[in-house]
Amino acid sequence: MIRAFFDNLRLAFGTFFAHPLRTLLTLLGIVIGVATVMTMMALLEGLRLKVNKDMSQLGANVFTVSKWPQGIHFGGGSIDWNKIARRKRLTLGDKVALAESCPSVLRTAGQAADWAQKLRTRDAETQGNVSVIGATWEYPDTAGITIADGRMFNEGDDAEARQVVVLGPDVADKLFPRLTPLGQEVRIKNRPYTVIGVMARRGKVLGMFNMDNQAIIPLSTFFNAFGKGRTLRINVEAIDAEHADQALDEVTRVLRQRRSVDPNEDNDFEVSTNESMSKSLNDLSNVVTAATFGVCLLSLIVGGIGILNIMLVSVTERTREIGVRKALGARKNRILLQFATEAVSLSLVGGLMGIAIGFGLAFLGRWALGLYTSVPLWSVLLSVGMSSGVGLVFGIYPAARAAKLDPVDAMRAE
């Protein structure tokens, strides 16, 4: 039986090498489908790992309170954005009240941001896409920020609204390519700021938001420059991970009381935890995965039709050979197995080519584009199984047709 199997493989690959162009064109649909699955799964898995890494930097005991929904939302038509816009803004008073009134809360930090600013020096300037964040002095401890050079501003800097700034590494490299940034002057909205620190490099979140392209200034300074009517986003750190749920309940209770929310009404603020961000990521993954498998299914159907076609042609071309083999004693099952093995081998070769291309694209995305990619093992096994299954399903009919040929009629075929 094993010898028969290897004989069938030898005959199958002999047929492939005899018609290489026809074989490659037949495999094109399967190759595209499998390569698509591999590439998209590598991107999604890399995204999941990156977000988990970013969340781990914040810690399991940190969550965020804001006026606006955070994360990725699908079916946005179900969200009443006008109602959300009418919510009262979160203030510095809310931040202080949470720190003082919640026993399970270790610290709170307030922040506001302008996401598109241009920073200048006498000799250089950035593009107009730098995120300028105004924050209280506790912010780094609740946002996973470390200082690589210099220092973070302190409580006194914030209280006195000093014109100081901490730069992200990309901003520092752009403005001071040959100088030490510390002590230098930069201008934001034509106001001078002294650089007192440079953040450690953190990369991108979700492959989109560049955490290194920011500048952080004291919150009071930010309000003076950008206006005091902005809502805050409040980071809350529980005393430890075990008290995170209790801290969340306490924060919710205090804010509902301060904002006079009726017991029968929903919260008029949003709480974002690691779990909620993970859910948003899972929603994104599910949508992209469904779309990816839809494209893959269409490609595999096209590839399967190609395999069906080439196998029917192969049966027609080898009718006399089949007749001779059956006249020499080959049984129907042996002929069926021969052509089924040829169809599965053909589709499996296409699957392996698609896997190789998928790995190559994932590596290229990481190396050339800086994308965070990781190919999960299950996607490789799924691709192998899908490509083999296509060959088996679309190869059964031609194989059965070959097995049913009458040996006498087959030997008479020209």
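Read the figures in this text as sums done on the coordinates, not as results from a lab. Everything numeric here is computed off the predicted structure, so don't read it as measured data. Every residue, glycine among them, receives a Cβ derived from its backbone with ideal geometry; neighbour counts consider all protein chains shown.
Cα centroids of segment 225-257 and segment 173-207: 29 Å apart.
Using a simple spin-label model with pseudo-atoms 7 Å out from Cα toward Cβ, Ser260 and Trp367 lie 6.4 nm apart. When the C-alpha to C-alpha distance is required to be over 25 Å, the pairs from Lys95/Lys118; Lys189/Lys228; Lys118/Lys204; Lys174/Lys204 that qualify are Lys95/Lys118. A crude spin-label estimate for the pair Ala116 and Ala161, with each label 7 Å from Cα along the Cβ direction, gives 2.7 nm.
With the simple spin-label model, which puts each label point 7 Å out from Cα in the Cβ direction, the Asp123 to Ser374 separation comes to 4.1 nm.
R0 = 45 Å: FRET efficiency of Glu100 with Ser388, Cβ-based, nearest 0.05? Working from the Cβ atoms, E equals 0.10.
Taking GluC sites (Glu not before Pro) across segment 130-199, the ones in a DSSP loop with at most 13 further Cβ atoms lying within 10 angstrom of their Cβ are Glu160. Computed log10 I(q)/I(0) for segment 88-268 at 0.14 Å⁻¹: -0.79, from the Debye equation with unit scatterers placed on every C-alpha and solvent omitted.
Summarised in one figure, the compactness ratio Rg/Rh of segment 332-372, Cα atoms and Kirkwood Rh, is 1.40.
Residue separation of Ile396 and Ile84 scaled by 0.36 nm, minus their Cα-Cα distance, works out to 106.5 nm of gained length.
With the convex hull drawn around the C-alpha atoms of segment 174-256, the volume per residue stands at 178 Å³.
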